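*Asks:* Take this structure first; my questions come after.
The values are calculated or read from the model by the stated rules, or taken from the named source; none is laboratory data. Just so you know, these numbers come straight off a predicted model, no measurement behind them. Reconstructed Cβ throughout: ideal geometry from the backbone, glycine too, with neighbour counts over all protein chains shown. In case anyone asks, the SASA skips ligands and DNA or RNA and just uses the protein heavy atoms, side chains included. Shrake-Rupley method; radii C 1.70, N 1.55, O 1.52, S 1.80 Å.
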Amino acid sequence: MKKTLRILIIAVLMGSFSYSQNKKVDNNIKYFDENYNPISKTEFDNRKWKNRLLSIQGDSINHKILSLRENQGVLQNRKYLDSLLTSSTNKIIDSSKPLVIVYYPGKDPCNSSGSATRRTIRSWYKKMEKGINKIKESNIIYVYKTKDGLYGKNDGFKEWIKDPEQTIERLFFKRHYPCSSFVVISENNEFISYFGEFSKEYIWKAIDLMTDE
């Protein structure tokens, strides 16, 4: 009985210590809006859910910042990017067709969880590619920042290349967005990038918007 009581006391003490440590970590977190202006946690949570924003790590490990899910713009030199990707993939990137890049940022809780298998992910990619080319025949490239966690279920049997000279990260994905992201670049250098976990339909919609027919 005394032994059982001691175990219970130790368990309670350990639980209290863990709670206090977690609370201490939570209290050290600072919250910021999309422009890196400090805001309260309440405002952070409200803006995140109301505007469907992402919560991502900022410049410090205890900084959380809000991020839009989508960005649009014009790429200054598509042909230069095509030449880099041609060299990295050993296949010609046709600049007269849209360019679709799926970007893997490295291992994180989002792309490390879930019940999907390598085969189901391969099936997902095949359907995605079929849908893209049905809208408009395109160049489709798979790029990673780091391989950690990629090869296994996440690669989906696709040929992934390392980001050449960190160009894709620098141009489109300056922060670590959870799971993976994508960018669609038109023949006219216009682009739509989408941050974080996405569905096939999001890419199809971006291709449709980029189509000038």
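*Asks:* For the stretch 108-213, what mean projected area does the convex hull of the alpha carbons give, in nm²?
*Replies:* That works out to 6.6 nm², a quarter of the Cα hull's surface.
*Asks:* So what's the convex hull volume per residue for the Cα atoms of the chain, in Å³? List each step's numbers first, then the result.
*Replies:* Working: hull volume 34.8 nm³, N = 213.
Spelled out: Cα convex hull of the chain, divided by residues, is 163 Å³.
*Asks:* Using a probe radius of 1.4 Å on heavy atoms only, what accessible surface per residue do you get for the chain? Whole Å² is fine. Spell out each step's value before the answer.
*Replies:* On the way: 13070 Å² over 213 residues.
With all protein chains present, the chain gives 61 Å² per residue.
*Asks:* Oh, and also: Using a simple spin-label model with points 7 Å from Cα along the Cα→Cβ vector, what separation in nm is obtained for Phe157 and Asn189?
*Replies:* 3.9
*Asks:* Could you calculate the contour length gain from Asn37 to Lys174, that is, 0.36 nm times the residue separation minus the distance between their Cα atoms, to one decimal place in nm? Could you put the intermediate results ahead of the total?
*Replies:* Details: separation 137, 0.36 × 137 = 49.32 nm, distance 1.79 nm.
Length difference between fully extended and current span is 47.5 nm.
*Asks:* Write down the Kirkwood hydrodynamic radius of the stretch 95-154, to one decimal in angstroms, obtained as one divided by the mean of 1/r over all alpha carbon pairs. Before the final figure, lay out the partial values.
*Replies:* Values: mean 1/r = 0.0780 Å⁻¹.
Averaging 1/r across every pair of different Cα atoms and inverting gives 12.8 Å.
*Asks:* If I take the Cα coordinates of the stretch 44-117 and project them onto the principal axes, what are the three extents in Å, biggest first?
*Replies:* Here the spans come out as 45, 34, 24 Å, largest first.
*Asks:* Mean separation of Cα pairs under 8 Å and 6+ residues apart, divided by the residue count of the stretch 128-173: what relative contact order is that in percent?
*Replies:* On the way: 21 pairs, mean separation 16.8, N = 46.
Relative contact order of the stretch 128-173: 36 percent.
*Asks:* Just list whichever of Lys79/Lys200; Lys64/Lys136; Lys97/Lys200; Lys50/Lys79 have alpha carbons separated by over 31 Å in the model shown. Walk me through the intermediate numbers first.
*Replies:* Working: Lys79/Lys200 26 Å; Lys64/Lys136 38 Å; Lys97/Lys200 19 Å; Lys50/Lys79 39 Å.
The pairs that break the limit, which is 31 Å between Cα atoms, are Lys64/Lys136; Lys50/Lys79.
*Asks:* Rounded to the nearest percent, how much of the accessible area of the stretch 64-161 (1.4 Å probe, protein heavy atoms only) is carbon and sulfur?
*Replies:* Details: 2630 of 5280 Å².
Carbon and sulfur together cover 50 percent of it.
*Asks:* Per residue of the stretch 36-46, in order, report the coupling 6.51 cos²θ - 1.76 cosθ + 1.60 (Karplus, θ = phi - 60°) as ³J(HN,Hα) in whole Hz, putting x for Gly and Pro.
*Replies:* After applying 6.51 cos²θ - 1.76 cosθ + 1.60, I find 6, 8, x, 9, 6, 4, 4, 5, 4, 5, 5 Hz.
*Asks:* May I ask what percent, to the nearest 5, of DSSP beta bridges between residues of the stretch 85-213 are antiparallel?
*Replies:* Working: 9 of 18 bridges.
Percent antiparallel among DSSP bridges in the stretch 85-213 is about 50.
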